[in-house]
Structure formats: C-alpha cells, structure tokens
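The values are calculated or read from the model by the stated rules, or taken from the named source; none is laboratory data. Small disclaimer: the values here were computed from a predicted structure and weren't measured. Ideal geometry is used to build each Cβ from the backbone, glycine not excepted, and the neighbour counts take in all protein chains shown.
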Amino acid sequence: MNVQEQAVRFCCHHDWLYGILHLPQQPVTRGVLIVVGGPQYRVGSHRQFVLLARYLAERGIAVMRFDFRGMGDSDGEIRTFEHVGEDLRSAADFFFSECPFLEDIVVWGLCDAASAALFHAHQDSRVSGLVLLNPWVRTEQGIAKAYLKHYYLERLFDPEFWKKLLGGKFNPLASIRSLYEFGRNSLRGGKSPAVSERSAGSACDLTVPLPERMLDGLKRFQGKILIITSGNDLTAREFLDLVDSSADWQATLRTKQTELCHMESANHTFSTREWRDQVTELTANRVLSW
C-alpha cells in the first residue's frame, strides 16, 4: 500500500511540537498515536517507532509520532511523563484534524510513556484502546523487591558469578552493602498499594504513589488494553510483581477488556528484529480487530 510520510507541527500552550504523520492511501477509521517515553525522541530506540509506524501504515493504519515539549525538535521546557497530559491532548486534536476519516485512536506507549498514556486515556473519549509495553510503576520498595527476587537470587545460581568470586574478580563487600540497602528498602511501605477512598480521582494527583495512580487510570478507562511485558527487564518484572501481590490490580485486570502478553526472552526495548516484529504484529492485529 502506498504510504505518505509527512512532517507536521502543532501548538501546545504557545510551544511548537513536531512530529511525523504516516498516512496510508486507503486508511481504516482507527489510528495509532505513538507516545515517546524517557529522554528520547520520536524515532525511538533502534528506530523502533519509525519501523512500527511504517508497518502499521502499510496495514492501512494512520499513525502519528511526535516529540513532547522540551524533547527532540519541539519547543518548550522538558517535563516528565507525569506532566505531558496537555501535550497528548494537543497531539490527539491535531491528529484528528489532519485525518478526518478517524473515528477513534489507540495510544501506544513503552515504559513511562505507557504510564502517561494510562493517566490520559480515560480523559479522552476518542481513545478506544491502549497498547502498553513494560509499564513504569517504579517505587523505591518495588525496585528493591525486584532486585532481590530477580537479580540477587538468580546470581546465586549463575556459574559466572561463582567463577568471579573464586577468582578474586568480585568485591563481596560492595555487593553485601548493596544487598543490605535493597533489603531494607523492600521492607518499607507494607502491603502493595490499592486505590483507596483518599486516592479516588488520583490519576493526576502527584501526592498519591505512582502504582495507585496507575490503577486509578486503569479503573477509569473503558476501552480495550493490550499489555506486553519482557522477561529480561526489571521494569517489567516490577510491574508483574506488583500485579501478583495486589488483589486489587488482579481484580481490575480481570474485569477490564485486558490482554496480557509476555515475551520471556525479550529485553526492555524489544531490541532484536524478532522481538520487534512480534510487538509490531501484535499491535497491528489488535488495532484492526478491536
């Protein structure tokens, strides 16, 4: 299918934001808005967002990817994923104005972009679905537990670890200090958070812990959700540990139109062609079937 790639700009609070539209010749009525996470811009790690957008467009799906204020080519001050709601709203407004054939969109985000998407989605009725990859639910307690469970314990069964230790190439005192700090942090905070009465309406309340805000956004969103996680990634493992330890998260995921897909060998950014192609195919199939 013929696809047009078009550089675009749009305004958000007097700042110009820049992006790329991927427009298929015969588009379907559902588009995809790619949200960029972390300190990067619209191309993505190993050109991930470019390749994803081009593949989706070849399947007839219009795609827009853009830089938040303060990132890439866009004007303005840099901001964190917790403060990009207005950028997302402006991007969606522009996407619909440039593509009048659109009836709804799916928002796609990796890591803290997945968190930003979940904060925003329930506030925009045009968002019919979310594709969330390795969602960021980072807390001091959560990452400490993830390190203890998935790093230190696994190292005890790693032959390379014992070779380094017996060969004098390993500093046990530094690791013991690190292990002590992680153990102390993992004991803080008590039970895994659930959305309580005080956190009702908390998706944008920065005084509420991040996992609670994420869960609040999940509860409020009425569309379909695909969550993709990696086996070789502490961010994904922290998210999965949170779900496993929280009855509230489990119950919410069961009652929502949510599909979980786990890619055991993949790393955080799905950096090989095999992993990238799996993510791309999953995304395209869900967008076209929802």
Can you pull out the residues in region 250-290 that are crowded, with 16+ Cβ neighbours inside 10 Å, within 21 Å of PRO211 (Cα to Cα) and among the β-branched types (Val, Ile, Thr)?
THR252, THR258
Given the conditions (1) touching a residue at least 40 places away in the same chain (Cβ under 8 Å); (2) crowded, with 18+ Cβ neighbours inside 10 Å; (3) among the hydrophobic types (A, V, I, L, M, F, W, C), and given that ALA247 satisfies all but one, which numbered condition is not satisfied?
(2)
Regarding region 43-62, can at least one residue be identified that is among the hydroxyl-bearing types (Ser, Thr, Tyr), modelled with pLDDT under 95 and closer than 27 Å to LEU282 by Cα?
yes
PHE96 vs (1) assigned to a helix (DSSP H, G or I); (2) in contact with a Gly (Cβ under 7 Å, 6 or more places away or on another chain); (3) closer than 22 Å to LEU56 by Cα: all pass except (2)
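Which of the residues spanning region 17-39 are over 19 Å from PHE101 (Cα atoms) and either β-branched (Val, Ile, Thr) or more than 24 Å from the chain's Cα centre (by Cα) (or both)? Before the answer, list the steps.
Our first condition is that a residue be over 19 Å from PHE101 (Cα atoms); within region 17-39, this holds for 17-19, 35-39.
Across region 17-39, the qualifying residues are VAL35, VAL36.
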Scope region 1-57; condition in contact with a strand residue (DSSP E or B) (Cβ under 9 Å, 6 or more places away or on another chain) and among the β-branched types (Val, Ile, Thr); matching residues:
VAL3, VAL8, ILE20, THR29, VAL32, ILE34, VAL35, VAL36, VAL43, VAL50
Hits in region 211-244 (condition: of a type in the set (A, V, I, L, M) and free of Cβ contacts under 8 Å to residues at least 60 places away in the same chain):
LEU215, LEU240, VAL243
Has region 118-137 got at least one residue that is out of contact with any Gly (no Cβ under 9 Å at 6 or more places or on another chain), over 20 Å from ARG89 (Cβ atoms), modelled with pLDDT under 95 and surrounded by fewer than 24 Cβ atoms within 10 Å (Cβ to Cβ)?
no
Kindly check whether there is at least one residue in region 109-124 that is farther than 17 Å from CYS12 by Cβ, in contact with a His (Cβ under 9 Å, 6 or more places away or on another chain) and in a strand (DSSP E or B).
yes
